[in-house]
Amino acid sequence: MYRLLTFCLIMFFVFSCTKSAENIETNSENVHAHNTEINSFSSTDVKMVYIKGGLYKPFYGSDTILVDVKPFLIDERPVTNAEFLAFVKANPQWQRSSVKKIFVDAAYLKDWKSDTELPLNADPEAPVCFVSWFAAKAFAKSIGKRLPTLDEWEFVAMADTDTPNARNKPSYSDAILDLYLEKDRQYKKVKQSKPNYWGVYNVFDLIWEWTDDFNSALTTGDSRAGEYDDKGLFCAGGATSATDVLNYAAYMRYSMRTAIKANYTIANLGFRCAKDTLITN
Amino acid sequence: MNTKNFMLLAATAVVSLLMSCNTNEGTKTTSTTQSPIDMVAEGEPEMAEVTGAPNVPAPVGNRGPKKWIVKLETTEIEGTIADSTKYTFWTFNNTVPGSFIRVREGDEVELFLKNAENSVLPHNIDLHAVTGPGGGAAATTSAPGKETSFTFKAINPGLYVYHCAAPPVPMHIGNGMYGLILVEPAGGLPKVDREYYIMQGDFYTKASSKKGLMEFDNDKAVAENPDYVLFNGKKGSLLGANMIEAKVGETVRLFVGNGGPNLTSSFHVIGEIFDNVYLEGGSTISHNIQTTMIPAGGSAIVEFKVDVPGEYVLVDHSLSRAFNKGCIGKLKVTGEPNPKVFKANTLVKE
């Protein structure tokens with residue numbers, strides 16, 4: 001019992017740290033509102049795909065809780081190096097030398113030749129990585145978009161090439177797992193593989209992706225705790241609370257999300273944008 | 001029997017019981033009565049020596065409790081699993097098993113876990129020697145390129161497995177993410193001539209998208225049907241030029257762990273009898289053991305004196321694993337024959 005308490009406390013602190021980072025960001029956005037707007041830029045021609053949404057069962061949580069995912073639009077592919085380069089050119093406050101250190105860790109845009117030059121040998125059409133959650137949010141905001149929520153992202157990720165929900169097919173999890181075992185996929189161009197049922201590309205095969213609420217209801221880094229507590233989301237997770245224990249690929253995504261903080265920048269972590277829609281057909 | 005005699009007999013029995021208890025205490029090598037929690041780790045933290053199998057760091061000897069820094073890096077690398085077959089291993093410090101850590105009870109360890117920048121996945125470490133949530137797993141979950149740390153006090157002497165506990169755990173372990181940490185009792189383990197580090201693991205493989213490279217097969221792992229059962233992560237890791245060695249008359253101590261993820265080992269050395277086995281890596285010492293069970297996620301310390309030269313074969317005595325799946329190694333003993341102990345007779349004519 002004491003161990004559990006200590007653990008919860010630790011997780012609480014971790015969580016509260018992340019929270020305070022968000023608060024800082026909110027404050028800073030206010031500052032931006034008064035001083036510098038985030039500038040939009042012209043080079044994003046990415047197609048957005050309409051996802052009609054529906055009831056979906058989160059990977060973690062009670063079997064009986066279904067989440068209603070409202071219709072939304074999502075980029076058909078991850079944000080590319082070229083697009084992020086255009087963003088930092090239009091928004092110097094997000095260039096490597098001038099970015100506020102609270103928003104990114106030391107690896108932000110690692111290996112870029114300069115503030116406005118991509119890394120040597122980087123493919124402009126490959127997904128951008130080494131970007132923090134703050135940076136991803138700023139990018140999305142600059143073009144009137146937002147990051148997808150975890151539920152929206154996972155809703156799209158339930159699809160294989162033929163069906164909107166392929167979770168029960170053994171081939172679905174196996175195929176993703178095989179992809180996850182391969183290294184250095186993030187250097188490949190986007191849209192070179194088949195899109196899924198919705199017409200969304202590169203859901204699994206290139207990078208991990210930020211979601212807006214990546215640090216909400218997750219497993220802990222230790223997946224075996226076997227506890228689910230809807231009051232304190234930070235103590236949630238574990239093999240017994242997963243709705244599909246053989247969905248190894250989903251475990252890995254959740255594991256990744258628990259390992260990151262909003263200022264982290266990582267070699268194989270990028271993002272794509274989403275947007276609300278009023279269309280409901 | 002009258003009452004007086006009975007009392008005398010009873011008293012004798014009690015005394016001899018006490019004495020035999022004392023004898024057991026002696027072989028358990030525990031000396032102080034101070035709780036390891038209250039032992040003060042002296043001085044500034046020093047970088048601990050860690051080693052890849054089959055080597056182990058120097059014994060702790062008589063030193064007092066100290067502070068240590070242990071650095072481990074998690075990596076995902078291509079390596080050779082058997083003959084010319086490549087496999088994508090996940091490791092601690094680029095070896096399977098991971099680096100051997102050696103401390104004593106009362107030591108304070110600050111463990112740093114760095115996940116290599118080119119890792120695909122997050123990793124962490126659960127050390128069975130740690131008293132605390134997840135054995136450190138939650139505190140050390142590290143995204144690719146990131147480093148985490150936590151501090152623990154070693155309070156229970158014994159030989160302990162450590163492993164990655166990031167989900168899916170069987171896959172991380174199945175790819176080789178395990179190792180051993182030895183916590184010696186105060187005063188150290190009794191001195192021996194040779195010490196080696198051996199760890200068994202079961203491997204589940206299938207072809208990957210890359211030619212000639214095998215990768216983890218989830219279905220085989222769930223079915224607990226491995227293609228390979230191996231000592232030290234590679235077929236032949238203890239054969240040929242890699243045999244472990246000893247000389248006639250020497251005492252040998254093997255620190256044997258079993259990473260699993262699934263199989264229990266029936267560890268046996270063909271042609272030897274274990275003089276001492278620290279059962280399950282703990283403090284109880286059993287004697288004259290032929291085969292000792294080592295659970296997945298468990299260990300044993302076995303000791304024996306080598307009296308006769310020759311090649312002694314280390315196996316999991318679930319023998320299909322040894323002869324069909326690679327779980328075989330050798331100890332080469334050199335020196336003078338000892339016909340009093342063993343002599344091959346010439347063929348008796350018919």
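Structural remarks
For every residue, the table says whether it meets (1) in contact with a Lys or Arg (Cβ under 7 Å, 6 or more places away or on another chain); (2) crowded, with 24+ Cβ neighbours inside 10 Å; (3) more than 13 Å from every other protein chain (Cβ to nearest Cβ); (4) small (Gly, Ala, Ser).
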| site | (1), (2), (3), (4) |
| --- | --- |
| B:Asn156 | no, no, yes, no |
| B:Leu180 | no, yes, yes, no |
| B:Leu189 | no, no, yes, no |
| B:Tyr228 | yes, no, yes, no |
| B:Gly233 | no, yes, yes, yes |
| B:Ala241 | no, no, yes, yes |
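- The residue list A:Val200, A:Val190 contains one member that is assigned to a loop (DSSP other than H, G, I, E, B), at pLDDT 80 or above and surrounded by 24 or more Cβ atoms within 10 Å (Cβ to Cβ), which is A:Val190.
- Unmet requirement for B:Thr32, which otherwise passes all of (1) under 30 Å from B:Met243 (Cβ atoms); (2) surrounded by fewer than 16 Cβ atoms within 10 Å (Cβ to Cβ); (3) of a type outside the set (A, V, I, L, M, F, W, C); (4) modelled with pLDDT under 85: (1)
- The numbered conditions (1) at the interface with chain A (Cβ under 10 Å from one of its Cβ atoms); (2) surrounded by fewer than 24 Cβ atoms within 10 Å (Cβ to Cβ); (3) of a type in the set (Gly, Ala, Ser) are all true for B:Ser149 except (1).
- Residue in the range B:116-130 that is without any contact (Cβ under 8 Å) to a residue 40 or more places away in the chain, buried (at least 22 other Cβ atoms within 10 Å of the Cβ) and closer than 28 Å to B:Ser283 by Cα present: yes
- Within the range B:206-235, the set of residues being of a type in the set (Gly, Ala, Ser) and part of a loop (DSSP other than H, G, I, E, B) comprises B:Ser208, B:Ser209, B:Gly212, B:Ala223, B:Gly233.
- Residue that is nearest to the chain's Cα centre (by Cα) [pool: residues in the range B:261-318 that are closer than 25 Å to B:Lys235 by Cβ and of a type in the set (Ser, Thr, Tyr)]: B:Ser299
- Whenever a residue of the range B:210-221 is more than 11 Å from A:Tyr248 (Cβ to Cβ) and facing chain A (nearest Cβ under 8 Å), its partners that are part of a loop (DSSP other than H, G, I, E, B) and hydrophobic (A, V, I, L, M, F, W, C), lying with C-beta atoms within less than 8 angstrom and at least six residues away or across chains, give the pairs B:Glu215/A:Leu181.
- Close pairs (6 angstrom Cβ cut-off, 6 or more residues apart or separate chains): in a loop (DSSP other than H, G, I, E, B) and surrounded by fewer than 22 Cβ atoms within 10 Å (Cβ to Cβ) in the range B:304-332, at pLDDT 95 or above and hydroxyl-bearing (Ser, Thr, Tyr) anywhere: B:Pro309/B:Thr334; B:His317/B:Ser266; B:His317/B:Thr291; B:Ser318/B:Ser266; B:Lys325/B:Tyr228
The values are calculated or read from the model by the stated rules, or taken from the named source; none is laboratory data. What you are looking at is a predicted structure, and each value in this text was computed from that prediction instead of being measured. Every residue, glycine as well, gets a Cβ built from its backbone with ideal geometry; the counts of neighbours run over all protein chains shown.
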